[in-house]
Amino acid sequence: APLSANGMAFPTAQATDESPQGREYRAGIQALLQGNLPKAKAGFEAALKIDPRYAPALIGLAGVAQAERKPAETEQYLQRAEHAAPRSPAVYLAWGRYFIAGKQFDRAERSLLKARELDPKVMPPMLELGDLYLRSGRVAEARKIYGEAVALDAANKFAQYGFGTAAAATGQREDALRAFETAARLAPKDPMPLRAAGLLYLEAGAVDKALDAFDKALARQP
């Protein structure tokens with residue numbers, strides 16, 4: 001589904017409009033987030049009955065098909081979405097996620113870069129690219145893309161955590177610690193940024209600081 005990192009819909013995916021198809025689409029998204037695939041599919045199909053070229057609903061159906069492990073059907077829906085909205089970054093984000101799930105990382109990168117090209121200020125493709133680069137061992141590129149994401153929205157906890165991870169992987173401990181501290185502040189219930197900071201302190205021999213970070217992480221999730 002064309003969701004951004006904070007769970008909100010892509011603004012360019014026409015997902016927030018008040019049209020009848022938009023309302024049906026949102027009902028489908030809610031069902032998808034709840035894991036109710038039949039209800040999600042019904043919502044997306046209802047949107048397409050109103051507007052057969054409504055790209056967000058086509059992307060939604062691709063998400064349902066992917067969850068059902070139907071790759072041929074997933075690709076058909078994504079192709080229809082691309083044909084209906086060839087300038088939508090949400091379409092190429094969906095392609096990128098599909099390729100990542102299939103471990104087709106080169107194709108995933110091209111799709112995510114296309115999404116960025118179409119709208120450089122949309123956050124989700126940047127986060128997906130950063131994660132892809134980290135998993136591929138391309139840590140310098142990960143740091144660069146996460147840095148651009150932080151510059152775009154310093155209050156995005158996913159961008160801060162990703163930047164911290166990439167900075168740590170490139171040996172920039174102080175930058176990483178600042179990013180993890182920011183992520184911990186932005187996500188007050190998440191133990192992971194504090195755990196990551198604790199590991200960095202431990203590597204540096206700062207045992208007291210490491211224990212303090214781990215204690216705070218455990219307080220969030222005992």
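The values are calculated or read from the model by the stated rules, or taken from the named source; none is laboratory data. As the structure is a computational prediction, the values presented were derived from the model and not from experiment. Glycine gets a Cβ as well: all are built from the backbone with ideal geometry, and neighbour counts include every protein chain shown. Accessible surface is based on the protein model in full, side chains and every heavy atom, while ligands, DNA and RNA are left aside. Shrake-Rupley method; radii C 1.70, N 1.55, O 1.52, S 1.80 Å.
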Tally time: how many residues in the stretch 78-87 are within 20 Å of the chain's Cα centre (by Cα) and either within 15 Å of Phe44 (Cα to Cα) or surrounded by 23 or more Cβ atoms within 10 Å (Cβ to Cβ) (or both)?
2
Does Glu181 qualify as being in contact (Cβ under 8 Å) with a residue 12 or more places away in the chain, of a type in the set (Asp, Glu) and open to solvent by 60 Å² or more (accessible area, probe 1.4 Å)?
yes
Could you list all residues from the stretch 120-146 that are of a type outside the set (S, T, N, Q) and part of a loop (DSSP other than H, G, I, E, B)?
Pro120, Lys121, Val122, Gly137, Arg138
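For the stretch 56-69, which positions are open to solvent by 10 Å² or more (accessible area, probe 1.4 Å) and either at pLDDT 95 or above or under 21 Å from Gln30 (Cβ atoms) (or both)? Explain how you work it out, then say what you get.
Our first condition is that a residue be open to solvent by 10 Å² or more (accessible area, probe 1.4 Å); within the stretch 56-69, this holds for 63, 66-69.
Hits for the stretch 56-69 are Gly63, Gln66, Ala67, Glu68.
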Among Val139, Val122, the single one that is under 16 Å from Ala169 (Cβ atoms) and buried (at least 16 other Cβ atoms within 10 Å of the Cβ) is Val139
From the option list Ala13, Ala90, single residue qualifying as under 28 Å from Ala155 (Cα atoms), buried (at least 24 other Cβ atoms within 10 Å of the Cβ) and modelled with pLDDT under 90 is Ala13
Conditions (1) open to solvent by less than 80 Å² (accessible area, probe 1.4 Å); (2) out of contact with any Ser or Thr (no Cβ under 9 Å at 6 or more places or on another chain) -> Leu134 fails only (2)
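Checking the condition at negative phi and surrounded by fewer than 16 Cβ atoms within 10 Å (Cβ to Cβ), which residue from Glu148, Glu203 passes?
Step by step, each of Glu148, Glu203 is checked, and only Glu203 is at negative phi and surrounded by fewer than 16 Cβ atoms within 10 Å (Cβ to Cβ).
Looking at Pro38, Pro20 in this structure, which one is exposed (fewer than 15 other Cβ atoms within 10 Å of the Cβ) and at pLDDT 95 or above?
Details: Pro20 fails: at pLDDT 95 or above.
The conditions single out Pro38.
So which residues in the stretch 153-174 are among the hydrophobic types (A, V, I, L, M, F, W, C) and either open to solvent by less than 30 Å² (accessible area, probe 1.4 Å) or farther than 23 Å from Trp95 by Cα (or both), if there are any at all? Walk me through how you get there before you give the answer.
The first filter runs over the stretch 153-174 and keeps only residues among the hydrophobic types (A, V, I, L, M, F, W, C), leaving 154-155, 158-159, 163, 166-169.
Listed by number, the residues that qualify are Ala154, Ala155, Ala159, Phe163, Ala166, Ala167, Ala168, Ala169.
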So Ala108 fits all but one of (1) open to solvent by 20 Å² or more (accessible area, probe 1.4 Å); (2) at pLDDT 95 or above; what number is the exception?
(1)
